[in-house]
1. Exactly one of (1) open to solvent by 60 Å² or more (accessible area, probe 1.4 Å); (2) under 20 Å from ALA156 (Cα atoms); (3) touching a residue at least 24 places away in the same chain (Cβ under 8 Å) is unmet by ALA16. Its number?
2. Output the residues belonging to segment 223-246 that are closer than 11 Å to GLY194 by Cβ, open to solvent by 10 Å² or more (accessible area, probe 1.4 Å) and of a type outside the set (A, V, I, L, M).
3. Considering only residues that are within 16 Å of the ligand (Cβ to nearest atom), open to solvent by 50 Å² or more (accessible area, probe 1.4 Å) and in contact with a strand residue (DSSP E or B) (Cβ under 6 Å, 6 or more places away or on another chain), which ones fall in segment 358-394?
4. For segment 293-312, give me the residue count where each residue is more than 30 Å from ALA385 (Cα to Cα) and open to solvent by less than 60 Å² (accessible area, probe 1.4 Å).
5. Which of the residues spanning segment 151-200 are of a type in the set (Asp, Glu) and open to solvent by less than 10 Å² (accessible area, probe 1.4 Å)?
6. Among the strands (runs of 3 or more DSSP E) confined wholly to segment 134-199, which include 3 or more residues that are without any contact (Cβ under 8 Å) to a residue 40 or more places away in the chain?
7. Considering only residues that are open to solvent by less than 80 Å² (accessible area, probe 1.4 Å) and of a type in the set (D, E, K, R), which ones fall in segment 313-357?
8. Away from the ligand (no atom under 12 Å from the Cβ) and surrounded by fewer than 14 Cβ atoms within 10 Å (Cβ to Cβ): which single residue out of LYS251, LYS290 fits that description?
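The values are calculated or read from the model by the stated rules, or taken from the named source; none is laboratory data. Everything numeric here is computed off the predicted structure, so don't read it as measured data. Here the Cβ positions follow ideal geometry from the backbone for every residue, glycine too, while neighbour counts run over all protein chains shown. Please note that ligands, DNA and RNA were not included when accessible areas were found on the heavy atoms of the full protein model with its side chains. Shrake-Rupley method; radii C 1.70, N 1.55, O 1.52, S 1.80 Å.
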Amino acid sequence: MLQGKHILLGITGSIAAYKAATLTRLLIKQGATVKIVMTPLAKEFITPVTLATLSKNTVLSEFFHHDDGSWNSHVELGLWADVFIIAPCTANSLAKMANGIADNLLLTSYLSVRCPVVIAPAMDMDMYAHKATQRNIATLQQDGVSFIEPPCGELASGLEGKGRMAEPEAITQWLSDFFDKKESLKKKILITAGPTYEAIDPVRFIGNYSSGKMGFAIAEEAANRGAEVILITGPVQITTTNPRITRIDVKSAQEMYEAALQHFPTVDGAILSAAVADFTPVTKHNIKIKEKQSLSVDLKPTPDIAQELGKIKKTEQVLAGFALETNNEFEHAKAKLEKKNFDFIVLNSLADKGAGFGYDTNKITIIKRTGDVIKYDLKSKKEVASDIISVFSSLS
Ligand code: C5P
């Protein structure tokens, strides 16, 4: 059901635009509030009057009202929406979205929205199959946009193939499943993210290249699906606005360990994605070390947070960790799964292009305690987070 959901429907200039009327009716029948933004060309295929009547809301298309100079705020629309569905989406609009072009209100809305974006493409089969279109789809997927694939069937050109827009019933079902999945994770989850900094003196530290992007994506995904999240993070350049995420900022492995140990007994499970430093200086100098010919820093091991949580884990708690490996990936990951008492481990290899620190993408394999192994393609970190949370929720 879509009761109470705010759905922003974007309509572009395709013959399939006539189906937007049925789609609007179905969404409203399921309890959603629908606001519509259409491209100027879309108005050639279906009139704003029809859509305004069905949606019971003014249909937006232009930046300005020429008669009184007032303007339509795409920013407000973006804040209002729970989901932005663009159906039908032409090859042209798709290409513009993939490249950040913003020459109509639908496109500026796309760049402003904070909610998930879903595209139902509609075009001729050859246009859909064209390398340029497929490249644009891949770019948008990496940006976190979801797609409702066009089914095979008769096209407006008379040809048979893949390109026609999914039927309004299928789109409505997709959205309903999306919200069901989104709000089904009634759990409290602890997530560690980012690097730790181990101080040598007041201005220097030992750290690593972790950006925290993967852990933050997992926290966002868990929160978006309804979980209450405690995010313990090392120093990163990422902000969090999600009200379901309680963020605890720490610097060192010791601080992360103390925070994790304090909160772990209160949660249903934990996903440990932090790149915790393995060693920390034996002594932290209180004043800045002055230049010397040579300097050696004695190191001692940090607490292994994962292993400690693995020891106190209750049967009903789910514990998951990461293994970032460069060689013998599978064996190393399996050994870590055992040693740290994980229920599953997420393996990513630095040998894979686009995986690991700093990238917006990742390529993972999940190894479960039961022995099951799931290999995934290279995906955006947002999609990877969704896969990880799906495995987590199947075990919790
Ligand atoms: O042994 P390694 O550092 O590769 O293990 C990786 C997993 O263990 C990750 O899930 C990481 O967050 C966790 N870990 C930890 N505390 C440490 C070291 C690693 O929680 N001191």
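1. The one condition ALA16 does not meet is (1).
2. Of everything in segment 223-246, those that are closer than 11 Å to GLY194 by Cβ, open to solvent by 10 Å² or more (accessible area, probe 1.4 Å) and of a type outside the set (A, V, I, L, M) turn out to be PRO235, GLN237.
3. Correct list: empty.
4. 1
5. GLU198
6. Numbers: elements: 152-154, 160-162, 188-193.
Result: 152-154, 160-162.
7. LYS313, GLU325, GLU329, LYS336, LYS340, ASP343, ASP352
8. Values: LYS251 fails: surrounded by fewer than 14 Cβ atoms within 10 Å (Cβ to Cβ).
Checking each option against the conditions leaves just LYS290.
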